[in-house]
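S.K.: Would you mind keeping the following structure in view while I ask a few things?
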Amino acid sequence: MEKHKTSRNKSLEEQQIEAAKRNPAHFAPLYNKYFKPIYIFIFKKVKNEDTAGDLTSKVFLKALLNIKKYKHMGFPFSSWLYRIASNEVNLYYRKSNKTTEVELMEKDVLYLLEEMKQPEDLKQQEIMINALNQLPLPTAELIEMRFFEKLSFKEIATILGVKPVTAKIRVYRALDKLKKQILHAK
């Protein structure tokens, strides 16, 4: 009786994950749910539809092949997929010797300026964009994940393979580097 109650309390997603572990054909609902957000995440980093499509396919192939190894650790399943996606993007850039840029939208820049208690005028926005572009990629990615993609510290930690407190420390160190870049630019 207790076992039946426990399985009923599992979320739909946890049930889908368990089903996919038993039979790969049951991976489809997870794929359908997460394909678009993972594709967008990758596309923002590579700025090319074909490359984003190829990398997204690799992410889901790796997820499907490794679903039996997935263990629920209190993090959303999406965090596991974002971690695979982040690794695929990094591998792509290492292999191709290309550089990446953080895609910025005005609302994201304004949000970040507000978060850093900076003026939100046009000149300050330009300074912010230049400062972000001069940050090392791992630092810029931390800022992007937290402030543009609005990921929790728990989700960032899962993507990076660290503890949430470590992710929080890294994000605030990244913000400090950004502040220094901004002050240097003035």
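Every read-out reported here was derived from the displayed coordinates using simple, explicitly stated rules and does not represent laboratory data. Just so we're clear, the structure is a prediction, and the values are computed from it rather than from any experiment. Methodologically, a virtual Cβ is constructed for each residue, glycine included, from the backbone with ideal geometry; neighbour enumeration extends over all protein chains shown.
S.K.: Can you tell me the dipole magnitude for the stretch 8-96 around its Cα centre, using point charges on the Cβ only (Lys, Arg +1; Asp, Glu -1), in Debye to the nearest 20?
M.R.: The calculated dipole for the stretch 8-96 is roughly 280 debye.
S.K.: Quick check: Cα centre of the stretch 36-74 to Cα centre of the stretch 146-186, how many Å?
M.R.: 22 Å
S.K.: Between N32 and H184, how many nm apart are label points set 7 Å from Cα along the C-beta direction?
M.R.: With each label point 7 Å from Cα toward Cβ, the separation is 5.0 nm.
S.K.: Sort 153-161, 49-57, 63-71 by the packing proxy (mean of other Cβ within 10 Å over each peptide's residues), most packed first.
M.R.: 153-161, 49-57, 63-71
S.K.: How do 125-138, 76-89 rank on mean C-beta neighbours within 10 Å, highest first?
M.R.: The packing order, highest mean first, is 76-89, 125-138.
S.K.: Report the one residue of G53, Y70, I42 whose Cα lies farthest in the direction of the positive end of the charge dipole of the stretch 35-91 (charges on C-beta: Lys and Arg +1, Asp and Glu -1; origin at the Cα centre).
M.R.: Y70
S.K.: Between N87 and R22, what FRET efficiency comes out of the Förster formula 1/(1 + (r/R0)^6) with R0 = 30 Å and r the beta carbon distance, rounded to 0.05?
M.R.: For R0 = 30 Å, the calculated efficiency reads 0.70.
S.K.: Simple spin-label model, 7 Å along Cα-to-Cβ: E49 to M116 in nm?
M.R.: A separation of 3.4 nm, rounded to one decimal place.
S.K.: Short version: ³J(HN,Hα) in whole Hz for each residue of the stretch 11-28, in order, from phi by Karplus 6.51 cos²θ - 1.76 cosθ + 1.60 (θ = phi - 60°), x for Gly and Pro, what are they?
M.R.: Coupling constants for the stretch 11-28: 5, 4, 4, 4, 5, 5, 5, 4, 5, 5, 5, 6, 8, x, 5, 8, 6, 3 Hz.
S.K.: Now for a separate question. How high is the relative contact order of the stretch 8-96, given as a whole-number percent (alpha carbon pairs under 8 Å, six or more residues apart)?
M.R.: With pairs under 8 Å counted, the relative contact order is 28 percent.
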